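Report on the following structure.
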Amino acid sequence: MERKKLGFAIVGSGAIAVFHARAIAAVDGTELRAVYGRTRASAERFASEHACAAEESLHVLLQRPDIDIVCVTVPSGMHGEVAIQALEAGKHVLCEKPLEITTQRIDAMTAAAARSKRILAGVFQSRLTEGAQQLKRALRDDRFGRVSLCSGYVKWWREPGYYSSSSWKGTAQLDGGGALMNQAIHAIDLLQWLVGIPVGVSARIGTRVHEIEVEDTAVAWLEFPGGALGTIEAATSCYPGSALRIEIAGEKGTAILENGCITRWQFAGPAGDDDVPLVAATGGVGGGASDPRGIGFDGHRVLIEDLVAAVVKGGTPSIPAQEARGAVAIVEAIYRSHRLQLPVSPSSPD
């Protein structure tokens with residue numbers, strides 16, 4: 001017997017919600033059935049474009065018995081509020097990055113998921129590219145030997161209108177931060193997924209170009225478990241924008257990942273998985289370097305498929321809430337280090 005389709009709803013009808021809608025439409029056995037937006041007009045426009053209902057309130061949407069999974073795409077500082085209500089209503093949740101803007105709020109979301117016995121999954125689709133998976137396998141197989149340096153670079157550009165046309169972007173209350181919390185969070189997640197949460201962080205941040213409350217430029221020095229060192233450079237102040245880049249280097253090899261593709265793969269000794277297709281450096285084309293809409297929805301599609309499998313089979317999603325927490329813990333430590341003008345640990349208090 002063919003199983004019934006899983007019903008999806010999207011809370012938040014902004015730009016990123018479109019990627020979720022397209023991803024849901026591309027996955028067999030799913031159907032987008034409802035949307036709720038911060039304004040009635042935006043929700044109705046979104047509903048018309050994606051053939052679903054525009055609900056008058058979040059409460060009404062969450063009471064619908066035909067909704068199994070809720071995608072949370074509201075501003076970052078509202079993620080927890082919406083996700084907890086959805087979980088308590090018995091819905092599974094796929095929440096956009098960052099999961100929330102503080103680890104304390106993420107812990108409250110995780111507790112709600114545990115109480116409701118529902119899945120709470122995060123959106124870090126950069127992990128899912130073949131290049132990122134290849135890098136993960138190389139680290140697992142000790143291809144680098146003793147790892148020396150692990151760094152992430154997100155030197156992006158955002159036009160002033162990106163911030164001035166929004167009521168929440170670039171605000172501490174709803175964006176939770178700037179280039180680090182919003183844009184570089186994917187690179188930060190990749191680093192902690194690949195080599196672990198740093199044990200030491202020292203950082204400086206600044207607002208160099210844009211008239212916003214939060215940082216558009218940041219640099220952090222990191223010490224990872226095992227002694228490897230690294231840096232994070234994050235910005236929305238660097239015209240015209242460069243590819244998101246991850247570099248891993250050690251005594252036996254070096255690999256570079258740009259916008260999910262391997263651009264360098266060089267090791268002292270060969271191995272059976274060294275037939276890695278290299279691509280030319282993109283120079284910032286795609287990947288959101290200069291245009292936040294310059295990403296595809298394929299990563300979201302894979303995450304939707306992954307969550308559907310976990311719901312149907314009773315398993316665990318690829319990026320559960322506990323894992324999505326790590327990137328926010330690192331960003332919090334960077335902000336704390338700048339504020340105190342001291343090195344800190346992601347687990348240390350103020």
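The values are calculated or read from the model by the stated rules, or taken from the named source; none is laboratory data. Being a predicted model, the structure only gives us computed values, none of them experimental. A quick note on method: Cβ atoms are made from the backbone with ideal geometry, for glycine too, and the neighbour counts reach across all protein chains shown.
Taking every residue in segment 1-26 that is charged (D, E, K, R) and pairing it with any residue that is assigned to a loop (DSSP other than H, G, I, E, B) and modelled with pLDDT of 95 or more, at least 6 positions away or on another chain, the pairs with Cβ-Cβ distances below 8 Å are R3/G29; K5/G29. Would you say V72 is in contact with an Asp or Glu (Cβ under 8 Å, 6 or more places away or on another chain), within 27 Å of I101 (Cα to Cα) and of a type outside the set (F, W, Y)? Taking the combined requirement at face value, the residue satisfies it. Residue under question is H186, and the condition is that it be crowded, with 19+ Cβ neighbours inside 10 Å, touching a residue at least 60 places away in the same chain (Cβ under 8 Å) and not small (G, A, S); does it hold? Yes: the conditions hold for H186. Could you tell me whether any residue of segment 76-92 is of a type in the set (S, T, Y) and more than 17 Å from the chain's Cα centre (by Cα)? No: zero hits.
Each row is one residue, and each column tells you yes or no for (1) among the aromatic types (F, W, Y); (2) over 29 Å from A243 (Cα atoms); (3) in a helix (DSSP H, G or I); (4) not assigned by TED's automatic domain parsing to the domain that holds L278.
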| site | (1), (2), (3), (4) |
| --- | --- |
| V70 | no, yes, no, yes |
| H79 | no, no, yes, yes |
| A83 | no, yes, yes, yes |
| V93 | no, yes, no, yes |
| K97 | no, no, no, yes |
| I101 | no, no, no, yes |
| Q104 | no, yes, yes, yes |
| A111 | no, yes, yes, yes |
| A114 | no, yes, yes, yes |
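For L190, state whether it is assigned by TED's automatic domain parsing to the domain that holds F267, closer than 17 Å to S318 by Cβ, among the hydrophobic types (A, V, I, L, M, F, W, C) and touching a strand residue (DSSP E or B) at 6+ places or on another chain (Cβ under 6 Å). Against the criterion (assigned by TED's automatic domain parsing to the domain that holds F267, closer than 17 Å to S318 by Cβ, among the hydrophobic types (A, V, I, L, M, F, W, C) and touching a strand residue (DSSP E or B) at 6+ places or on another chain (Cβ under 6 Å)), L190 qualifies. None of S116, S167 is closer than 22 Å to V328 by Cβ and of a type in the set (S, T, N, Q) except S116. Of all residues in segment 248-294, those satisfying the criterion of being at pLDDT 75 or above, under 23 Å from F124 (Cα atoms) and β-branched (V, I, T) are I248, I256, I262, T263. The listed residues are L191, L174, and the only one of them that is under 17 Å from V331 (Cβ atoms) and touching a Cys at 6+ places or on another chain (Cβ under 7 Å) turns out to be L191. Residues in segment 37-81 that are hydroxyl-bearing (S, T, Y) and surrounded by 22 or more Cβ atoms within 10 Å (Cβ to Cβ): T73, S76. Which residue pairs have Cβ atoms closer than 8 Å, lie 6 or more positions apart in sequence or on different chains, and pair a first residue in segment 132-143 that is in the same structural domain as W265 (by TED's automatic domain parsing) and under 13 Å from T254 (Cβ atoms) with a second residue that is in a loop (DSSP other than H, G, I, E, B) and among the polar types (S, T, N, Q)? Matching pairs, first to second residue: none at all. Restricted to segment 200-213, and to residues there that are under 12 Å from A235 (Cβ atoms) and of a type outside the set (S, T, Y), the residue that is surrounded by the fewest Cβ atoms within 10 Å (Cβ to Cβ) is R208. Of all the numbered requirements in (1) without any contact (Cβ under 8 Å) to a residue 40 or more places away in the chain; (2) outside the structural domain of T236 (by TED's automatic domain parsing), S165 misses one, and that requirement is (2).
Among what's in segment 252-265 and is touching a Gly at 6+ places or on another chain (Cβ under 6 Å) and outside any loop (DSSP other than H, G, I, E, B), pick the residue that is nearest to Y153 (Cα to Cα).
For segment 252-265, the residue satisfying everything is L257.
Note on segment 143-170: among residues that are farther than 21 Å from L222 by Cα and charged (D, E, K, R), the one that is surrounded by the most Cβ atoms within 10 Å (Cβ to Cβ) is R158. The residue of segment 207-233 that is nearest to the chain's Cα centre (by Cα), among those that are under 19 Å from S167 (Cβ atoms) and among the β-branched types (V, I, T), is V214. For the residues R38, R33, the requirement of being charged (D, E, K, R), free of Cβ contacts under 8 Å to residues at least 40 places away in the same chain and in a strand (DSSP E or B) singles out R33.
Looking for something over 24 Å from the mean Cα position of the chain (by Cα), buried (at least 17 other Cβ atoms within 10 Å of the Cβ) and assigned to a helix (DSSP H, G or I) - is there at least one such residue anywhere in segment 16-25? No, because not a single residue in segment 16-25 is over 24 Å from the mean Cα position of the chain (by Cα), buried (at least 17 other Cβ atoms within 10 Å of the Cβ) and assigned to a helix (DSSP H, G or I).
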